[in-house]
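Below is one structure; the comments refer to it alone.
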Amino acid sequence: MTDASMPTPETGRHSVSLTAPDARTRKRAQAEKRFRAYGIIAIATGLFFLVVLFTSILSEGIPAFKRTVVSVEFILTQQDREEAESELFKTKAYSNLFVTALKTELDERGLNVDINEDAIERLLGKVGGTIRTFYSENPDKLGQPVRFDLAASSRVDGYYKGRVTREAMQDSRFLQKSDLDLVDAMEKAGIIKQAFNWPFITGADSGVDNPGGAGIGASVVGSFFMMLVVLALSLPIGVAASIYLEEFAPQNRFTDLIEVNISNLAAVPSIVFGILGLAVFIQFMHLPQSAPLVGGLVLTLMTLPTIIISTRASLKAVPPSIRDAALGVGASKMQAVFHHVLPLAAPGILTGTIIGLAQALGETAPLLLIGMVGFVARGYPDGFVAGFTEANSAMPAQIYTWASRADVAFYEKAWGGIIILLMFLLTMNIIAIILRRRFERRW
Amino acid sequence: MNDMTRVERQVDTNKIKLECRDCQVHYGETHAIKDVNVDIEDKTVTAFIGPSGCGKSTFLRCLNRMNDTIDIARVKGSFKLDGEDIYDKRVDPVQLRAKVGMVFQKPNPFPKSIYDNVAYGPRIHGLAKNKADLDDIVEKSLRRGAIWDEVKDRLDAPGTGLSGGQQQRLCIARAVATEPEVLLMDEPCSALDPIATAQVEELIDELREQYSVVIVTHSMQQAARVSQKTAFFHLGSLVEFGETGQIFTNPVDPRTESYITGRIG
Ligand SMILES: Nc1ncnc2c1ncn2[C@@H]1O[C@H](COP(=O)(O)OP(=O)(O)OP(=O)(O)O)[C@@H](O)[C@H]1O
Ligand SMILES: [Mg+2]
C-alpha cells in the first residue's frame, strides 16, 4: 500500500470512536435528513391538493346524483279514462285528475293549500301527458292504484339543494313564491322527497331548459364505442410498430427520422388532431359527422405515439442477454421476440396502453371539432353497429356542454359527470394494476 | 503446471471442423480482432486464453454469428464450417446456431421454469416427438450440466431463482440440449465451485467424443486440463496457437510465456 491518499492517523479519522460521528459524517447525515424533509413536504403538498380536489369534486358533484320527486298514488278507472279521452284538451283532463288526487291526499293529512294547475305545471311539468302515456301503454293498470314518481322541476330541485331560496328568488314563469308553499305542504305530507337520480346515470342529454332531465348515459355509451375503436386500432398498430422499430428495423437516417417524428407527434396539441380529423375523415372521406367511429379514429392518432413510446421503452428495458440466450439456442429473431421479449415487456405495454386510453377517454377538444358536442347525445344508439356510426357525444364533451350552459342547474350536472368520468378512469387504472400483477407474477 | 501431464494428448488425427482465415472484427472504430487464423478441429477441445479485453469473447461470437446482433460490429474474413462459409448470404444464422451452440459469459437463463429453459431449444427445433421424449432430453441435459440433482425436485421453479453458479450450469444444460456439433463456452466455470467445475470439465471431456468444444477460460490449469489445442490472444491478435502441451511447456512467443507464467494480463 503505497497509496499516498491513505488517511494517516494524524488526520484523526481512525482515532475517532465509531459512536461519535466525525464532522463529515454528520454533515452527510444532515444533508440526507434535509432531503427526506423536502420529500415529505413535497408529498404532503401533493396530497393536500388531491384532498382539496376530491372534496370540491365530491361536494359539488354529489347533488347531481340526487333528484327531487313527487310521489303520488293514483287510481284511474276505465270510466275516468273514457271521460278524459272524450274531452277536447285530453292532457288537461288527466292533469285535472292528478290535481284532484293530490288534493285529496293533502286533505287527508289536514294540509290545506291552494293547488292550481299552473302551479303544478311549473313544479312538475306536463303531468297530464305523462299520465296519459302511461295508461295508453299499460291499460291493464286501469282501476289499480299506481304510484307515480314525477320528477320535480330543476327550480324545485334547487330549492331543496339550497340553490334557490325564497328570499332571493323572483316570480317567473318557471317558479313563483306561492308555489313554494305547495312544495312545503307536500314535504310535510311526505309526498315530495329526494331520491337517487337514476335518470342522470341512464339518461341522455336534455334540452337547455330542462336540466332536470339531463343524463350522462348516452355519452357514456358514446365514449365506450370510441374506446373500442381506439383500443382495436391503437394497440395492434402501436405494438406492431414498436416491435418492428425496436427489434427489427435497421438503425439508419430513415428510422431516426421516424423516431423523432413519433416523439413529436406525442407533443402535438390534441386540437390539431381534431381539425385533422374534421378535414380528413369528415370532409374528405365523408364519414358520418359526430360519430364515435370518427372520434375513435382521431383519438387513435393521438394515442398511438403514447403507446409506441411506452412499448418501445418497455422493450428496451428487457435485458439484451435474454435475446442472446434465445438466439444462442437457435431461435429466430421473431421467436426470440415473441417467446421471450414480449412476455417480459407485456406489463409495461399494458400500462402504456391503459394510460393512453385514459388520456383518450378524457380528451375533449378534438371531439368538439368533429361535432361530438354534448347536445348530440339525445338518445341511445339502436344496436351495436349504430353505436359506431350514429351521432353521439362522449363524457368529457358532454360535461363541457353542460358547464357552458346558462342554467346553473347544469353546473351541478357537469360536476356529477366529472365524478362518473373519474370513476371510469379509476376503474381503468385498477384494471391496469391487476393485469400488471397478473403478468408480473410470471417473473 | 503438473496437471497437464495427466491429459493424454491425442491430436493430429482429427479433421478440421471450423476453419477461420484472416478474421477481422471492428466495433465502430475499435479494431477488436486482427488477422486471426484458427482451425477448430472436430472431436477436440480448443481453449482460448488471454488477458481480459483481448477479444476472446468477440472471436467466439464470430463462430456462431452472434456478432450479427451487435449493430456496430463488422466481421470480415472467412469462416468455414465443414467447408461451408457461415457468413454466406444464403446461410440462415438460425440454422447455424442450432449446429453451433453457445454458453455465454454471463449466465442468462430465460425467466421461465427450469424445465422450459432446457426444453426450449429442443421444442423449437422439433427434437422431441412427445412429452416423454422431451422429459428425457431435459433430464439428460440437466445431468450433463451437472445440475440435475439440485433441481430435479423443482423443475417448475424459475430458472432465474437459482444461484449464479447453478444458473451457469443451467445454461450449459440448455446449450447441450439441442445437441450442437460445436459448443462454444465463454468462461463456463468462472462462477462455479471446484466440484461443479470438475463436473463441467467431465462434461466437456465427454462431449469431445462426438463434438468439438471451444472454451474460453482464465484458468491456465483448466485450459491445460481439458483442452488439446490452445490459442493465446493478446490485444486482438492471435499470438500463438498450437497443441496445449506445447503451449504450456514450450511456448514459442515470449508473450505467451509471460502470460502463462503470470507476468502479463
Ligand atoms: N459490444 C461491444 N461494443 C463495443 N466494443 C466492444 C463490444 N464488445 C467488446 N468490445 C471491445 O472489444 C474488445 C474485446 O472484448 P471481448 O469481450 O472480446 O474481450 P474478452 O477477451 O472476452 O475479455 P474478458 O476476458 O474480460 O471477457 C474490448 O476492447 C471491448 O472493449
Ligand atoms: Mg469475454
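Suppose R0 equals 60 Å. What FRET efficiency, 1/(1 + (r/R0)^6) with r the Cβ-Cβ distance, do A:E82 and A:L47 give to the nearest 0.05? Approximately 0.35, to the nearest 0.05. Each Lys and Arg contributes +1 and each Asp and Glu -1, all at the Cβ; summed about the Cα centre of chain A, the dipole is approximately 2280 debye. With the simple model of a label 7 Å out from the Cα in the direction of the Cβ, A:R166 to A:D149 spans 2.9 nm. Taking R0 as 56 Å, what FRET efficiency do you get between B:S52 and B:Q95 from their Cβ-Cβ distance, rounded to the nearest 0.05? Once the sixth-power term is evaluated, E becomes 0.95.
At 1.4 Å probe radius, can you tell me the per residue accessible area of the protein assembly as shown in Å²? Solvent-accessible surface per residue comes out at 50 Å². With a ≥ b ≥ c taken as the square roots of the eigenvalues of the C-alpha gyration tensor of region A:217-439, please select rounded if a/c is under 1.5 and otherwise prolate if a/b is larger than b/c or oblate if it is not? Here region A:217-439 falls in the prolate category.
Which of the three applies to region B:13-260, rounded, prolate or oblate, going by the alpha-carbon gyration tensor with a ≥ b ≥ c and a/c under 1.5 meaning rounded? Judged from the Cα gyration tensor, region B:13-260 comes out prolate (a/c at least 1.5, a/b above b/c). A simple count of charges around A:Q335, restricted to other residues whose Cβ falls under 12 Å of its Cβ and scoring Lys, Arg +1 and Asp, Glu -1, yields +3. Cβ under 12 Å from A:G215's Cβ, A:G215 left aside: what net charge do those residues give with Lys, Arg +1 and Asp, Glu -1? The answer is +2.
Counting alpha carbon pairs within less than 8 Å and at least 6 residues apart, what relative contact order, in whole percent, applies to region A:217-439? Reported relative contact order: 29 percent. The alpha carbons of region A:65-196 occupy a box of 45, 32, 28 Å along the principal axes, longest dimension given first. You can think of it this way: the chain between A:I237 and A:T55 has 61.5 nm of extra reach, that is 0.36 nm per residue less the Cα-Cα gap. If you average the alpha carbon positions of region A:70-114 and of region A:275-312, how far apart do those two centres end up, in angstrom? Between the Cα centre of region A:70-114 and that of region A:275-312, the gap is 54 Å.
Could you work out how far helix A:342-361 tilts from the main Cα principal axis of chain A, as a 0 to 90 degree angle to the nearest 10? Here the helix axis deviates by roughly 40 degrees. Of all the options B:K140, B:K129, B:K15, the one that moves most in a Gaussian network model of chain B with Cα springs shorter than 10 angstrom is B:K129. Entry note, chain B: the mean residue ellipticity at 222 nm calculated from DSSP H runs of n ≥ 4, each adding -39500 (n - 2.57), is -10000 deg cm²/dmol after division by the residues and rounding to the nearest 500. Simple point charges give the picture: +1 on the Cβ of Lys and Arg, -1 on the Cβ of Asp and Glu, and for chain B a dipole about the Cα centre of about 480 debye. Against chain A, whose longest principal axis comes from its Cα atoms, helix A:408-440 is set at around 40 degrees. With R₀ fixed at 60 Å, the C-beta to C-beta distance from A:A267 to A:E32 puts the FRET efficiency at about 0.95. Sorting A:W402, B:W148, A:W198 by solvent-accessible area of protein heavy atoms yields A:W198, B:W148, A:W402, largest first, with a 1.4 Å probe.
Here the label points at B:I72 and A:F248, each 7 Å from Cα along the C-beta direction, are separated by 2.7 nm in the simple model. Between A:A346, A:A37, A:A84, the residue with the greatest mean-square fluctuation in the GNM of chain A (Cα pairs under 10 Å linked by springs) is A:A37.
A simple count of charges around A:A403, restricted to other residues whose Cβ falls under 15 Å of its Cβ and scoring Lys, Arg +1 and Asp, Glu -1, yields -2. Annotation: for a label point projected 7 angstrom from Cα along Cα→Cβ of A:N210, residues of region A:106-132 with backbone N closer than 16 Å are A:121-132. Translational diffusion of the protein assembly as shown was estimated from the Stokes-Einstein equation, with Rh taken as the Kirkwood radius over Cα pairs; at 25 °C and 0.890 mPa s the coefficient is 74 µm²/s.
Accessible surface buried at the B:A interface totals approximately 1700 Å², computed with a 1.4 Å probe on protein heavy atoms.
Return one number: the angle in degrees, 0 to 90 and rounded to the nearest 10, between the long axis of the Cα atoms of helix A:253-266 and the longest principal axis of the Cα atoms of chain A. That helix lies at roughly 40 degrees to the long axis. Dividing the mean sequence gap of close Cα pairs (under 8 Å, 6+ apart) by how many residues chain B holds gives a relative contact order of 28 percent.
Contact order, relative form, for chain A: 18 percent (alpha carbon pairs under 8 Å, 6 or more residues apart, mean separation divided by residue count). Label-to-label distance for B:Q210 and B:D136 is 1.2 nm, based on points extended 7 Å past Cα in the beta-carbon direction.
Fully extending the segment from A:R173 to A:S404 would add 80.9 nm, taking 0.36 nm per residue of separation and subtracting the current Cα-Cα distance. Of the residues in region A:299-343, those shielded by at least 40 Å² of accessible area once partner protein chains are present, compared with the chain alone at a 1.4 Å probe, are A:I322, A:D324, A:A325, A:L327, A:G328, A:V329, A:G330, A:H339, A:H340.
Where is the GNM fluctuation largest for chain B (alpha-carbon springs, 10 angstrom cutoff): B:Q222, B:Q95, B:Q168? Among B:Q222, B:Q95, B:Q168, the largest mean-square fluctuation in the Gaussian network model of chain B belongs to B:Q95.
The values are calculated or read from the model by the stated rules, or taken from the named source; none is laboratory data. The structure presented is a predicted model; accordingly, all values stated were derived computationally and were not measured. Cβ sites come from the backbone with ideal geometry, for glycine too, and all protein chains shown count toward neighbours. Quick note on the areas: whole protein, heavy atoms, side chains included, nothing else; ligands and nucleic acids left out. Shrake-Rupley method; radii C 1.70, N 1.55, O 1.52, S 1.80 Å.
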